[in-house]
Amino acid sequence: MFRRKQKEEAVASVSGAETPAADVSPEAIAAGEDSTSPAISASPAEVQSAPEAVPAPPAGDAEAITGGKSSSTSSRARGNRVQKVGIVSSDKMQNTVTVRVDRLVLHRKYRRYVRRTSKFMAHDELGSTIGDRVRIVETRPLSAHKRWRVVEIVQKAAK
């Protein structure tokens, strides 16, 4: 009832009819509403104010839309891609490595942390070898199993 009363007061104040402070309903008194507090009101100018219109760039002007960058090189167009850091476990394929990503998961029953391992096939043009710590990023499907690409070699393997 309290919220409905506030909405009615706001509508009444926008339409121009003010509700007197002495006219307080019994429900408002039971809800603990203070009759001396000012009623919530908004001026009609505040309620009906529209945001200023921004002029649109001319149609066909791709540089104005993307801020001077072409759409193929824009990083915002692709969004934030998932990145993972893992260790290369196999490099026997051409331009492909298998990356092992470990994560710690809290066991539901025993409340201990358990290591979970995931293996990802990643396209590698940087020449990483077994034991290297690499950063991989999600990409379009490159083959039947490859959906990741090696971005950087974070740490080379100790020899």
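Laboratory data are not the source of any read-out in this text; all were calculated from the coordinates shown. Quantities reported herein were computed from a predicted structural model and do not represent experimental measurements. Glycine gets a Cβ as well: all are built from the backbone with ideal geometry, and neighbour counts include every protein chain shown.
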Among the residues of region 126-154, which ones are in contact with a Gly (Cβ under 9 Å, 6 or more places away or on another chain) and free of Cβ contacts under 8 Å to residues at least 40 places away in the same chain?
Ile153
Being in contact with a strand residue (DSSP E or B) (Cβ under 6 Å, 6 or more places away or on another chain), assigned to a strand (DSSP E or B) and among the hydrophobic types (A, V, I, L, M, F, W, C) is the requirement here; does Ile130 meet it?
no
Could you please find all residues in region 74-117 being in a strand (DSSP E or B) and out of contact with any strand residue (DSSP E or B) (no Cβ under 7 Å at 6 or more places or on another chain)?
Lys92, Met93
Limited to region 88-126, what total is found for residues that are exposed (fewer than 12 other Cβ atoms within 10 Å of the Cβ) and aromatic (Phe, Trp, Tyr)?
2
Region 127-141: number of residues that are more than 14 Å from Arg81 (Cβ to Cβ) and surrounded by 13 or more Cβ atoms within 10 Å (Cβ to Cβ)
7
